[in-house]
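Novice: Provided herewith is a single structure, encoded as structure tokens, for subsequent inquiry.
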Amino acid sequence: MNYKIPRGTYDIMPKDSARWQHVIDTFRRVAQRFGYEEITTPIFEMAGLFERSSGESSDVVQKEMYRFEDQKGRTFALRPEGTAGVVRAYVEKSLDRLGGRSKFYYIGPMFRYDRPQAGRYRQFYQYGIEFIGSNHPYYDAEVIALEMQFLAELGLKNVSLEINSVGCAQCSLTYDEALRAYYQPHLAELCPDCQNRFEVRPRRLLDCKVAFCQSLRKDAPSQLDYLDQDCKEHFAEVQNYLDQMGVTYRVNPSIVRGLDYYTNTAFELIVESLGAQNSIAGGGRYNGLISQLGGKDTPAVGFAGGFERLLLALEKEGIAGYEPINPTIYVIGIGDETRLMALEYITKLRQDGIYVDYNPDKSSFKAQMKAADASKARYALIIGEDELGSKLPTLKDLESSQQRSVDYRQLLDILQ
Ligand code: HAM
């Protein structure tokens with residue numbers, strides 16, 4: 001075949017869909033229980049929206065965005081993440097002027113051009129939560145607790161929560177200066193990317209994968225020593241709430257998020273066994289983003305998780321997910337003249353909510369019986385010459401092999 005799936009993408013085939021659906025259903029259920037409502041935004045937006053929100057110097061904007069021009073020469077981008085679109089919608093619908101709380105969840109594909117590897121794709125799926133409208137530390141803890149509850153309901157065990165505070169915009173400036181002072185003597189030896197990071201976003205130096213740059217990290221100043229009083233208190237309160245909600249975590253001052261909009265709380269969920277791509281979810285507070293995108297200054301906090309990494313983690317723990325759904329009944333018609341009666345039953349049963357399977361390609365009774373067994377249906381409905389005469393089909397229980405004549409009412413009662 002001349003056509004291949006694009007690199008870094010994959011098909012979710014029907015055999016995998018049940019697992020996906022189970023994870024999605026669980027997320028929806030938990031999000032709703034915490035009072036979050038679904039929002040769906042376009043998968044492409046003006047490229048400037050992401051440049052402004054993720055940060056011009058972020059990897060996402062510098063290297064990973066799928067940009068394209070439309071027929072009128074406007075530059076759009078496939079969304080690399082969900083937060084910017086949600087905030088754009090929030091501001092565009094003037095929810096910032098109404099005040100109050102907005103609680104959103106979303107599920108959908110995101111796009112990043114990066115080197116594909118296990119757990120890293122060019123089209124991947126995120127589930128996410130955005131709480132907009134309060135700086136109360138309770139909400140930082142609430143979104144984290146929601147994620148932990150979701151993972152617990154899926155049965156995932158080996159996952160650790162790491163939290164940090166990156167401070168407010170003012171704390172960040174002081175910290176950036178401290179980092180520059182620390183790295184200055186080594187500037188010439190840093191990798192070219194880090195030399196650039198040194199100027200524009202020094203904290204990204206902490207996240208570099210090059211051995212020499214990494215070796216400097218352990219003695220680098222910690223963000224936590226550069227928090228002002230308010231930011232310190234906020235972080236302490238978040239931890240109090242987590243403690244009181246029974247959420248276990250570890251403070252890790254070297255958590256650096258890849259996107260620029262974070263203020264104060266930043267967190268990641270790590271599954272060590274996943275190797276290089278071990279972050280299954282991440283997020284934090286972004287108090288400056290709404291005003292930066294033209295809305296009224298409004299605090300917010302949220303996170304997103306990657307479905308692929310989550311499914312890999314579940315697989316590693318032997319959690320298979322959902323069993324595929326089998327038909328309740330398989331309809332067998334023996335001979336052409338039974339077709340009308342068979343179709344009548346098939347149609348009525350489906351209208352009454354029963355999962356019915358039928359395969360007109362199989363003609364002999366034997367072939368149809370075999371197909372009924374293979375379908376894993378619990379019952380077979382057999383319509384032959386006798387059944388046509390009595391107008392009563394035969395219901396066969398494929399587990400016990402017992403069979404009896406039934407009218408439609410009796411049949412439906414049994415199946416329901
Ligand atoms: P992020 O850390 O860039 O944050 O992505 C969140 C999660 O998406 C990651 O932890 C990972 O599981 C998954 N992910 C990211 N890139 C890929 C990829 N190429 N392939 C597979 N999975 C991937 C955000 O996107 C923020 N919008 C989160 C947020 C929401 N912060 C506040 N609100």
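Novice: By how many degrees, 0 to 90 and rounded to 10, does the Cα axis of helix 14-33 deviate from the longest principal axis of the chain?
Specialist: Computed tilt is about 60 degrees.
Novice: Okay, which of region 365-395 sit inside 18 Å, backbone N to the point 7 Å along the Cα-Cβ direction of M341?
Specialist: Once the point is set 7 Å along Cα→Cβ of M341, 365-366, 368-369, 380-395 turn out to lie under 18 Å by backbone N, inside region 365-395.
Novice: Which whole-number percent gives the relative contact order of the chain, counting Cα pairs below 8 Å spaced six or more residues apart? Write out the running numbers ahead of the final one.
Specialist: Details: 689 pairs, mean separation 66.7, N = 416.
Rounded, it is 16 percent for the chain.
Novice: Let me ask something else. Computed FRET efficiency, Cβ-Cβ of N326 and D70, R0 45 Å: what is it to the nearest 0.05? Could the numbers behind the result be given before it?
Specialist: On the way: r = 46 Å, r/R0 = 1.02.
According to the calculation, E is roughly 0.45.
Novice: Sort out for me the Cα centre separation of region 325-361 from region 368-397, rounded to whole Å.
Specialist: 9
Novice: Pop the C-beta distance of Y355 and A169 into the FRET formula with R0 = 41 Å and round what comes out to the nearest 0.05. Each step should come with its number before you reach the end.
Specialist: Details: r = 56 Å, r/R0 = 1.36.
Efficiency computed from Cβ-Cβ geometry: 0.15.
Novice: Kindly state, to the nearest 0.05, the FRET efficiency for A276 paired with N240, given R0 = 56 Å and r defined as their beta-carbon distance.
Specialist: On the way: r = 34 Å, r/R0 = 0.60.
Between A276 and N240 the formula returns 0.95.
Novice: Give me the dipole magnitude in Debye, nearest 20, for the chain about the Cα centre, with unit charges on the beta carbon: positive for Lys and Arg, negative for Asp and Glu. It would help to have the intermediate numbers written out before the result.
Specialist: Working: 50 positive and 57 negative charges, 132 e Å.
Computed about the Cα centre, the dipole is about 640 debye.
Novice: Under a point-charge model restricted to the Cβ atoms of Lys and Arg (+1) and Asp and Glu (-1), what is the dipole moment magnitude of region 329-415 relative to its Cα centre, in debye to the nearest 20?
Specialist: 200
Novice: If you place +1 on the Cβ of every Lys and Arg, -1 on the Cβ of every Asp and Glu, and leave all else neutral, what size is the dipole of region 43-161 about its Cα centre, to the nearest 20 Debye?
Specialist: In debye, rounded to 20, region 43-161 gives about 240.
Novice: Under a cut-off of 21 Å between alpha-carbon atoms, report the lysines in cross-link reach of K362, not counting same-chain residues fewer than 8 places apart.
Specialist: List returned: K370, K376, K396.
Novice: Something else about it: What's the extension gain from T248 to S401 if we count 0.36 nm per residue and subtract their Cα-Cα distance? Could the numbers behind the result be given before it?
Specialist: Working: separation 153, 0.36 × 153 = 55.08 nm, distance 5.25 nm.
The T248-S401 span can extend by a further 49.8 nm.
Novice: Along the Cα→Cβ direction, 7 angstrom out, place labels at E315 and N2. What is the inter-label distance in nm?
Specialist: With each label placed 7 Å out from Cα toward Cβ, I get 3.3 nm.
Novice: If you roll a 1.4 angstrom probe over the protein chains with everything in place, what fraction of the accessible area of the chain belongs to carbon and sulfur, to the nearest %? Don't jump to the answer; show the numbers that get you there.
Specialist: Numbers: 10410 of 21080 Å².
So the carbon and sulfur contribution to the accessible surface is 49 percent.
Novice: With 32 Å as the limit, write out which pairs from K15/K366; K103/K348; K103/K157 have Cα-Cα distances beyond it, or answer none.
Specialist: On the way: K15/K366 27 Å; K103/K348 42 Å; K103/K157 27 Å.
Listed pairs above 32 Å: K103/K348.
Novice: Whole number in Å², please: accessible area per residue of the chain, 1.4 Å probe, ligands, DNA and RNA not counted.
Specialist: Working: 21080 Å² over 416 residues.
Dividing the accessible area of the chain by its residue count gives 51 Å².
Novice: Let me ask something additional. Expressed as a whole percent, how much of the Cα-Cα distance distribution for the chain exceeds 39 Å? Write down the numbers at each step before the final one.
Specialist: Working: 30997 of 86320 pairs.
Every Cα pair in the chain considered, those over 39 Å come to 36 percent.
Novice: Now, a different point. Computed on alpha carbon atoms, what radius of gyration and Dmax characterise region 285-416, expressed in Å?
Specialist: Rg and Dmax of region 285-416, Cα atoms, are 25.0, 77 Å.
Novice: Could you derive backbone 3J(HN,Hα) for region 117-129 from the dihedral phi with the Karplus parameters 6.51, -1.76 and 1.60 (θ = phi - 60°), listing whole Hz in sequence and x where the residue is Gly or Pro?
Specialist: 7, 4, x, 10, 10, 8, 10, 9, 10, 10, 10, x, 10
Novice: How many angstrom lie between the Cα centre of region 200-216 and the Cα centre of region 217-236?
Specialist: 18
Novice: Could you give the length gained on full extension between E233 and Y113, defined as 0.36 nm per residue of separation minus the Cα-Cα distance, in nm?
Specialist: Numbers: separation 120, 0.36 × 120 = 43.20 nm, distance 3.86 nm.
The span from E233 to Y113 would gain 39.3 nm if fully extended.
The values are calculated or read from the model by the stated rules, or taken from the named source; none is laboratory data. Not measured: the values here are computed from a predicted model. Note: ideal-geometry Cβ built from the backbone for every residue, glycine included; neighbour counts use all protein chains shown. Just so you know, the surface numbers come from the protein's heavy atoms only, side chains and all, with ligands and any DNA or RNA stripped out. Shrake-Rupley method; radii C 1.70, N 1.55, O 1.52, S 1.80 Å.
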